[in-house]
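Asks: Pasting in a structure now, in structure tokens, and then I'll have a few things to ask.
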Amino acid sequence: MTPTIGCYVHIPFCVRKCAYCDFNSYSGYTDGTIRRYVDALTQEIERAPVQPQSVDTIFFGGGTPTAIPATDEAALLRAVRERLPVTPNAEITTEANPGTMDVQHLEVLREAGFNRISFGVQSFDSGLLKTLDRIHSADEAKNAVKAARAAGFDNVSIDLMFGLPRQTKAQWRDTLEQAMALETEHISLYSLIVEEGTGFYTLRQKGRLPLPDEDTAAEMFQMAIDAAHAGGYEQYEISNFAKSGRACGHNVHYWRNDPYYGFGCGAVGYLDGKRIMNVKSPAKYCETIEDHGDLTYTCEALTTEETMAETMMLGLRLTGEGVDCRRYAERFGVDPRAKFPDDIAKFTKDGLLETDGDFLRLTPRGVFLANEVMMAFV
Ligand code: SF4
């Protein structure tokens, strides 16, 4: 049994919907909507069936958790702690939009027990921030990181995006330089994916979304890897970079395919081999909680074969650690090296996979062909 597990809490509100976003997030809410949602979320947490494992990571994501009052986030965290066996040194993260922050707000979060903050910066180029419909400026992003430091956060992460409309390599280099100068403990990197139903999708349909070609996007990815390495970060996951000991423990749970609780509208929980997504609309979510109804939107009961495949696929994303073959064998009764000998041999021969003791991982070249490698195990 996995010794510790994670807990995710979803806050679906955003000041404005970004042009590329297909997350379960909504703008145009009122104070009353927030109130009702926080009450419903508190009840879901209070009613949660408690697992035997301790919770060592809590992650408030969204949406924009910091779009609700800090005292509400603090109260929700208290509810989680009262209901679940949370370890004393748990990593407790909140995502934050640099455009919704001030020191006072951050101090309340820090005092409540949040010890990690992740800012959706995306770019330090003001033109690109506008293109993305972000509400913050480059200076606000830097000030938000400074304010987090002033409030006592010593574990700060920023998200950056590349492959953006009309983005040049020079702009990306400049963003990377400014990111390195901030010396946050963690950086997450996202290549733009144009999802159906977003503003960007409509623009692309109309031929009005000029994106960098694949080769340029791959060069941008390599530029980020080089800059991060030079800045003292380890690429511990395909898209994530951390200073020593600062990997995001919550996401590492996901990549190890560990169980986790999921609270809130559209949140996904993975407990007892079942992946369950809650109803997505905040109004429907509140209504269901108030009526003591069933929140399930989708429920996927995974077979052992499926879980084994997923554990390989997700574990290979961990470019630092890789798949822990011994842990895998303890969990499933078979070592991946015995289960997938031909695929492992082939990818190792091609220079895309490497074995280090009991760990199996992508090589630096394999990182660029990760999907191809991972799909072979599914
Ligand atoms: S702030 Fe994040 S969650 Fe909200 S709309 Fe923008 S990308 Fe989506």
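Asks: Every residue in region 2-38 that is in contact (Cβ under 8 Å) with a residue 24 or more places away in the chain and of a type in the set (D, E, K, R), please.
Replies: Arg16, Lys17, Asp22, Arg36
Asks: Would you mind stating whether Arg16 is within 16 Å of the ligand (Cβ to nearest atom), among the basic types (Lys, Arg) and either over 22 Å from Tyr260 (Cβ atoms) or in a helix (DSSP H, G or I) (or both)?
Replies: So Arg16 fits the description; yes.
Asks: Which condition from (1) away from the ligand (no atom under 16 Å from the Cβ); (2) aliphatic (A, V, I, L, M); (3) open to solvent by less than 20 Å² (accessible area, probe 1.4 Å) is the one that Val9 breaks?
Replies: (1)
Asks: Also, I was wondering about something else. May I ask you to verify whether Ala70 is of a type in the set (A, V, I, L, M), in contact with a His (Cβ under 6 Å, 6 or more places away or on another chain) and assigned by TED's automatic domain parsing to the domain that holds Ser239? Spell out how you get there, then give the answer.
Replies: On the way: of a type in the set (A, V, I, L, M): yes; in contact with a His (Cβ under 6 Å, 6 or more places away or on another chain): yes; assigned by TED's automatic domain parsing to the domain that holds Ser239: yes.
The answer is yes for Ala70.
Asks: OK, next. For region 19-34, indicate whether the set of residues that are open to solvent by less than 40 Å² (accessible area, probe 1.4 Å), hydroxyl-bearing (Ser, Thr, Tyr) and over 21 Å from the mean Cα position of the chain (by Cα) is non-empty.
Replies: Looking for residues that are open to solvent by less than 40 Å² (accessible area, probe 1.4 Å), hydroxyl-bearing (Ser, Thr, Tyr) and over 21 Å from the mean Cα position of the chain (by Cα), one finds none in region 19-34, hence no.
Asks: If you go through region 41-49 one residue at a time, do you hit one that is more than 16 Å from the ligand (Cβ to nearest atom), crowded, with 21+ Cβ neighbours inside 10 Å, of a type in the set (Asp, Glu) and at negative phi?
Replies: Within region 41-49, one or more residues are more than 16 Å from the ligand (Cβ to nearest atom), crowded, with 21+ Cβ neighbours inside 10 Å, of a type in the set (Asp, Glu) and at negative phi.
Asks: Let me ask something else about it. Kindly evaluate Ser123 against the criterion of being more than 21 Å from Pro12 (Cα to Cα) and surrounded by fewer than 23 Cβ atoms within 10 Å (Cβ to Cβ).
Replies: No: the conditions fail for Ser123.
Asks: Mind listing just one residue for me: the one in region 280-297 that is more than 15 Å from Ser25 (Cβ to Cβ) and in a loop (DSSP other than H, G, I, E, B) and, of those, least open to solvent (accessible area, probe 1.4 Å)?
Replies: If we take residues in region 280-297 being more than 15 Å from Ser25 (Cβ to Cβ) and in a loop (DSSP other than H, G, I, E, B), then Leu295 is least open to solvent (accessible area, probe 1.4 Å).
Asks: Tell me, please, whether a residue that is open to solvent by 10 Å² or more (accessible area, probe 1.4 Å), under 22 Å from the mean Cα position of the chain (by Cα) and within 13 Å of the ligand (Cβ to nearest atom) can be found in region 138-158.
Replies: no
The values are calculated or read from the model by the stated rules, or taken from the named source; none is laboratory data. The structure presented is a predicted model; accordingly, all values stated were derived computationally and were not measured. As a convention, Cβ positions derive from the backbone with ideal geometry for all residues, glycine included, and neighbour counts pool all protein chains shown. Heavy atoms of the whole protein, side chains included, go into the accessibility calculation; ligands, DNA and RNA do not. Shrake-Rupley method; radii C 1.70, N 1.55, O 1.52, S 1.80 Å.
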